[in-house]
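Inspection log for the structure reproduced underneath, given as structure tokens.
The values are calculated or read from the model by the stated rules, or taken from the named source; none is laboratory data. Quick caveat: nothing in here was measured; it's all calculated off a predicted structure. FYI the Cβ positions are ideal-geometry reconstructions off the backbone, even for glycines, and counts take in every protein chain you see. Ligands, DNA and RNA are excluded from the accessible area calculation, which covers all protein heavy atoms including side chains. Shrake-Rupley method; radii C 1.70, N 1.55, O 1.52, S 1.80 Å.
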Amino acid sequence: MKGLSSVAAAAMLGLVLAMSSTADVRAAELKLVAGGSLVPLFKQLGPQFEKASGHKLSIHFDSTPSIIARLASGTAFDAAVVPVDVLKDAGAKSRFAPASIVDIARVGYGVIVRAGAPKPDISTPEAFKQALLAAPSIAYVPPSAAGAYIGSVFEKLGIDKKMETKTKQESAPVKIAPAVAAGKAALGVFLMNVLVAPGVELVGPFPAELQQELVFTAGVASDSKQADAAKALIDFLKTPAAAAAFKAAGMTPG
């Protein structure tokens, strides 16, 4: 993602400092569960963590409903960085060590068009509504925490039924921007951290009256055999270096 490479050196320095207090932790292979919209972020920070800590990350990216089902079913994991909506499910929440749960970052919603295409007015709820109605197709990921909120916005605007015929459902957040860039959808609507990509241009954030931030929360599995290493990862995600990466990705740390 644009801007993340500029913080690589700072991320490495911050990670080395973060790992200094856990240098005696035995190298481990961590099973990490993460929200699908965090793919670009962990492509950047994952290798930095591995290099400085000696630990290896095995990451499973998925949508909120699938993560809930995965955790509630008892599938083994060591740490998770997921939408806070996951923790609203009692079965999924019970898999975490309560004292380990911490908010990592948050991000709002926005709209993209293909590079060079006209940018509709989305500055007010009414303008946004008309832009959505005028678009022949809209790409997003309905079965996700973000998708559920977008659906609620459509409903609030009174256009949810009409949007059903326009929706181009993508299988993962990182596929939204490529679909718009290729002309397969006129608009891309989702979390802003996955909307900055080649071939597309940001129209802007949702109108203030319709904007909401999705919070990403991290935690260690209550039954993890690699709890110290998992905690080291979460500690790193709270360092200034990692915060800089979150900001470069269009997210707000904390």
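Using a 1.4 Å probe and ignoring any ligands, DNA or RNA, find the accessible area of Glu201 and quote it in Å² to the nearest 10.
For Glu201, solvent-accessible area is about 70 Å².
Give the calculated FRET efficiency between Asp121 and Ser171 to the nearest 0.05, with a Förster radius of 41 Å applied to their Cβ-Cβ distance.
On the way: r = 30 Å, r/R0 = 0.74.
Approximately 0.85, to the nearest 0.05.
Check every DSSP H run in the chain and write down those whose alpha carbon atoms cover 15 angstrom or more along the long axis and whose mean Kyte-Doolittle hydropathy is -1.0 or greater. Please report the intermediate quantities before stating the final value.
On the way: long enough: 8-19 (16 Å, 2.33); 39-53 (20 Å, -0.23); 145-156 (17 Å, 0.55).
Correct list, ordered by number: 8-19, 39-53, 145-156.
Cα centroid distance between segment 76-145 and segment 211-254, in Å?
First find each Cα centre; the distance between them is then 17 Å.
In Å, the Kirkwood hydrodynamic radius of segment 70-114 over pairs of distinct alpha carbons? Show your work: numbers first, answer last.
On the way: mean 1/r = 0.0801 Å⁻¹.
So the Kirkwood estimate lands at 12.5 Å.
Show the residues, 5+ positions off or on another chain, whose built amide H is closer than 5 Å to the amide H of Gly204.
Excluding prolines and chain starts, which carry no amide H, the hits are Val111.
Please list, or write none, the aspartates and glutamates whose alpha carbon is within less than 16 Å of the alpha carbon of Lys166, excluding same-chain residues fewer than 8 places away.
Candidates past the 8-residue exclusion: Glu155.
With every protein chain left in place, what is the accessible area per residue of the chain in square angstrom, probe 1.4 Å? If you can, show how the numbers build up before the last one.
Working: 11180 Å² over 254 residues.
Result: 44 Å² of accessible area for each residue.
Rounded to the nearest 0.05, what FRET efficiency do Lys93 and Leu202 have when you use their Cβ-Cβ distance and R0 = 41 Å? Spell out each step's value before the answer.
On the way: r = 34 Å, r/R0 = 0.83.
So the FRET efficiency works out to roughly 0.75.
Run down the aspartates and glutamates and flag those whose C-alpha is under 18 Å from the C-alpha of Lys231, throwing out any fewer than 8 positions away in its chain.
Asp24, Glu29, Glu50, Asp78, Asp103, Asp223
Using helices alone, what [θ] at 222 nm do you get for the chain, with -39,500 (n - 2.57) per DSSP H run of 4 or more residues, divided over all residues and rounded to the nearest 500?
On the way: 10 runs with 92 residues, N = 254.
Computed mean residue ellipticity for the chain: -10500 deg cm²/dmol.
Name the long-range amide H neighbours of Leu195: under 5 Å, sequence gap of 5 or more, or other chain; modelled H, no Pro or chain starts.
Counting only residues 5 or more places away or on other chains, the set is empty.
Exactly which trypsin sites (Lys or Arg not before Pro) in segment 198-254 are in a DSSP loop and have at most 15 other Cβ atoms within 10 Å? Please list the in-between numbers first.
Values: sites: Lys225, Lys231, Lys238, Lys247; in loops: Lys225, Lys238.
Sites meeting the loop and neighbour criteria: Lys225.
Given a Förster distance of 22 angstrom, what is the FRET efficiency for Ile101 paired with Ala72, based on the Cβ-Cβ distance and rounded to 0.05? It would help to have the intermediate numbers written out before the result.
Details: r = 16 Å, r/R0 = 0.74.
For Ile101 and Ala72, the calculated efficiency is 0.85.
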